[in-house]
1. Can you tell me which residue in the stretch 98-112 is nearest to the chain's Cα centre (by Cα), limited to those that are closer than 15 Å to residue 166 by Cα and in a loop (DSSP other than H, G, I, E, B)?
2. Is one or more of the residues making up the stretch 151-165 touching a residue at least 24 places away in the same chain (Cβ under 8 Å) and part of a strand (DSSP E or B)?
3. Report whether or not residue 179 is modelled with pLDDT of 95 or more, more than 16 Å from the chain's Cα centre (by Cα), buried (at least 20 other Cβ atoms within 10 Å of the Cβ) and within 20 Å of residue 196 (Cα to Cα).
4. Provide a single number: the residues in the stretch 80-101 that are under 27 Å from residue 196 (Cβ atoms) and touching a helix residue (DSSP H, G or I) at 6+ places or on another chain (Cβ under 7 Å).
5. Could you list, in sequence order, all residues of the stretch 153-176 that are surrounded by 14 or more Cβ atoms within 10 Å (Cβ to Cβ) and more than 24 Å from residue 50 (Cα to Cα)?
6. Check 112, 176 and return the single one that is over 22 Å from residue 73 (Cβ atoms) and either touching a strand residue (DSSP E or B) at 6+ places or on another chain (Cβ under 9 Å) or free of Cβ contacts under 8 Å to residues at least 24 places away in the same chain (or both).
7. Looking at the stretch 62-72 only, could you name the residues that are under 15 Å from residue 114 (Cα atoms) and not in a strand (DSSP E or B)?
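The values are calculated or read from the model by the stated rules, or taken from the named source; none is laboratory data. Nothing here was measured: the structure is a model prediction, and the numbers come from that model. In this analysis, Cβ positions are derived from the backbone assuming ideal geometry, glycine residues included, and neighbour counts consider all displayed protein chains.
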């Protein structure tokens, strides 16, 4: 009888140990699963918000960060954008020389909706790009505040001191930029950047 009781006690002890061991395994797996979910959430890429608007303490509405051209025709900005876009006339012979020549290039534009030069030059520059059939997918627009800062810091390491700044890249490398206002005209300055020479030199050939 004593041996039987001891056996039963050992069996009960074994069952208890086995039960708690399985419980610990389940808890461990649960904790591991939760940890994995948290890690996947924290490592997932941050969603970039585009066409963000902010209102300053003075009641001024401005764009900040990555924007699309759709934002430029919002009620707060469309007056100056449409006016300059529609009224600007680029030199036809320069446009013809640049047409369909931009496939090797990408362009970044930093501007401020609060800035007079941006309000004037940005619509004109975009019209030129449209006329030379420059791919819209190769144009990136960043709106900055009065400190020349974008929302996610895209201006960092770009030396953006004045706006607008139009930066032209070829095969990932910067080949030139137009800062604030053009030296000659936007189309002539763009021609010089892309071709590496003045348009007048081309005409002499």
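1. Step one: of the stretch 98-112, the residues closer than 15 Å to residue 166 by Cα are 102, 105-112.
This time we only want the ones that are in a loop (DSSP other than H, G, I, E, B), so: 102, 112.
Working: 102: 20, 112: 15 Å.
Residue satisfying both the conditions and the ranking: 112.
2. Yes, some residue in the stretch 151-165 is touching a residue at least 24 places away in the same chain (Cβ under 8 Å) and part of a strand (DSSP E or B).
3. Values: modelled with pLDDT of 95 or more: yes; more than 16 Å from the chain's Cα centre (by Cα): yes; buried (at least 20 other Cβ atoms within 10 Å of the Cβ): no; within 20 Å of residue 196 (Cα to Cα): yes.
Taking the combined requirement at face value, the residue does not satisfy it.
4. Taking the stretch 80-101 first, the residues under 27 Å from residue 196 (Cβ atoms) are 88-101.
Then drop every residue that is not touching a helix residue (DSSP H, G or I) at 6+ places or on another chain (Cβ under 7 Å), which leaves 88, 90-91, 94-95, 97-98, 101.
Residues meeting the conditions: 8.
5. 170, 175, 176
6. Values: 112 fails: over 22 Å from residue 73 (Cβ atoms).
Sole residue among the options that is over 22 Å from residue 73 (Cβ atoms) and either touching a strand residue (DSSP E or B) at 6+ places or on another chain (Cβ under 9 Å) or free of Cβ contacts under 8 Å to residues at least 24 places away in the same chain (or both): 176.
7. 71, 72
Results for (1) at pLDDT 95 or above; (2) under 17 Å from residue 69 (Cβ atoms), shown as yes or no for each residue.
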position	(1), (2)
136	yes, yes
149	yes, no
157	no, no
162	yes, no
184	yes, no
188	yes, no
199	no, no
